[in-house]
Amino acid sequence: MDAGPPQVRPEHQRFANDADLSARNLGQNAQKYLNQPVVVSNRPGASGAIGTMSVRTAPADGYTLLAARIATHAILPAIDTRTPYKWNDFTFLSVLEFNPYVCAAKSDSPNKTMTDLVADIRKNPGKLNFSTAGAGTLQNLGPQYLFALAGLPKDAAVGIHYKGSPELVTSLLAGQVQFVCNNLGTLLPQIQSGALRGLLTATRNPLSELPGVPTARTLGWAEFEKLAAWSALVGPPGLPGEVTSRWADVLGKLSRDPEWLAGNEKLGGIPGIRSAADTERFVREQFELYDGLVTRLGIRE
């Protein structure tokens with residue numbers, strides 16, 4: 001390999017992460033530009049903190065990188081004071097992709113639009129339920145942010161916690177809750193089948209997969225666009241310039257790579273490759289967003 005990090009040994013180039021599918025899509029396609037294997041290592045536990053710390057404390061030699069997620073770098077550091085790292089204890093390389101955030105109701109709901117739903121919540125405070133995967137998850141914080149933007153109190157509707165995304169959808173279909181906000185990939189099959197109705201997308205532009213579903217901006221809540229799940233590529237603090245330059249070159253090529261783009265589409269993601277400086281700025285804004293929400297809700301641990 002010309003000007004770049006040392007030749008990467010297969011047993012050393014690893015992505016310790018929560019974002020297994022995103023990391024595998026990256027690794028599979030990046031290795032053809034690196035001219036060397038990339039090994040993906042999934043290290044779950046402590047809401048991603050274990051895998052994240054394994055990269056935080058790894059040698060700054062370019063052999064160990066992290067597919068960071070919104071949970072590890074925005075929500076967890078904001079909500080849990082025991083998190084053993086800060087959001088910016090890393091060398092930022094690039095955002096990888098975004099997963100659109102969507103709100104939906106059951107297809108036979110009397111609330112045909114998001115405007116109807118907000119009006120119903122305002123008229124009946126504390127009477128409607130939404131499903132979440134826990135207090136410190138995007139499924140819970142998203143509706144809470146929407147309440148704030150709409151001028152509603154934090155307890156305007158009640159979050160009912162379930163174990164994971166499949167149960168969030170099942171609870172909505174069963175009528176146990178009246179709406180849910182989650183990643184597009186989780187909700188899209190049920191929306192396309194007609195079982196659920198999309199109410200809102202937290203995207204700048206309408207989604208081709210959801211024709212007729214309005215964006216938050218068109219409804220007057222442009223700030224809601226800040227909500228999306230995402231992955232980013234980061235390394236230990238102090239990565240050498242030759243490593244960051246090499247990855248900037250590889251990521252630039254990936255942004256035009258048909259196979260990497262197809263992998264993103266299959267996973268329901270929108271490509272988001274950007275500069276290291278823009279990535280650090282973006283992650284800072286995400287941390288500050290959720291830090292403010294956690295303060296508003298009084299759920300900091």
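No lab work stands behind these numbers, since they all come straight from the coordinates. Note that the coordinates shown come from a computational prediction; the quantities given were computed from them, not determined experimentally. Note: ideal-geometry Cβ built from the backbone for every residue, glycine included; neighbour counts use all protein chains shown.
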Review point. Which of the listed residues, GLY241, ALA216, PHE179, is farthest toward the dipole's positive end in the chain, when Lys, Arg count +1 and Asp, Glu count -1 at the beta-carbon?
Key: PHE179
Practice item. Return the FRET efficiency for the residue pair ASP155, LYS266: r is the Cβ-Cβ distance, R0 is 45 Å, and the value is rounded to the nearest 0.05. Key: 0.70
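Indicate the gyration tensor shape class of the stretch 101-226 (rounded, prolate or oblate), computed on the Cα atoms with a ≥ b ≥ c the square roots of the eigenvalues: a/c under 1.5 is rounded; otherwise a/b larger than b/c is prolate and the rest oblate.
Numbers: a/c = 1.30, a/b = 1.03, b/c = 1.25.
Rounded, because the longest to shortest axis ratio a/c is under 1.5.
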Exercise for review: Taking H placed 1.01 Å from N in the peptide plane, check which residues at least 5 places from SER107 or on another chain put their amide H under 5 Å from its amide H.
Suggested key: LEU196, ARG197
Review point. Using a Gaussian network for the chain with springs between C-alpha atoms less than 10 Å apart, which of these wobbles most: ALA202, ALA105, ALA248?
Key: ALA248
**Study point:** Answer label for Cα Rg over 2.2 N^0.38 Å (calculated), chosen among (1) 1.03; (2) 0.97; (3) 1.31
**Key:** (1)
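Per-residue counts of other Cβ atoms within 10 Å, averaged by peptide: what ranking do you get for 183-195, 163-175, highest first? Don't skip to the end; give the middle numbers.
Details: 183-195: 17.2, 163-175: 15.6.
For the peptides 183-195, 163-175, the packing ranking is 183-195, 163-175.
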Study note, to complete from the structure: Note, the stretch 203-214: 3J(HN,Hα) by Karplus (6.51, -1.76, 1.60, θ = phi - 60°), whole Hz, Gly/Pro = x, goes 10, 4, 10, x, 8, 4, 6, 10, x, x, 8, x
Review point. Pick from ARG284, ARG56, ARG256: which residue has the top mean-square fluctuation in a GNM of the chain where Cα pairs under 10 Å get a spring?
Key: ARG256
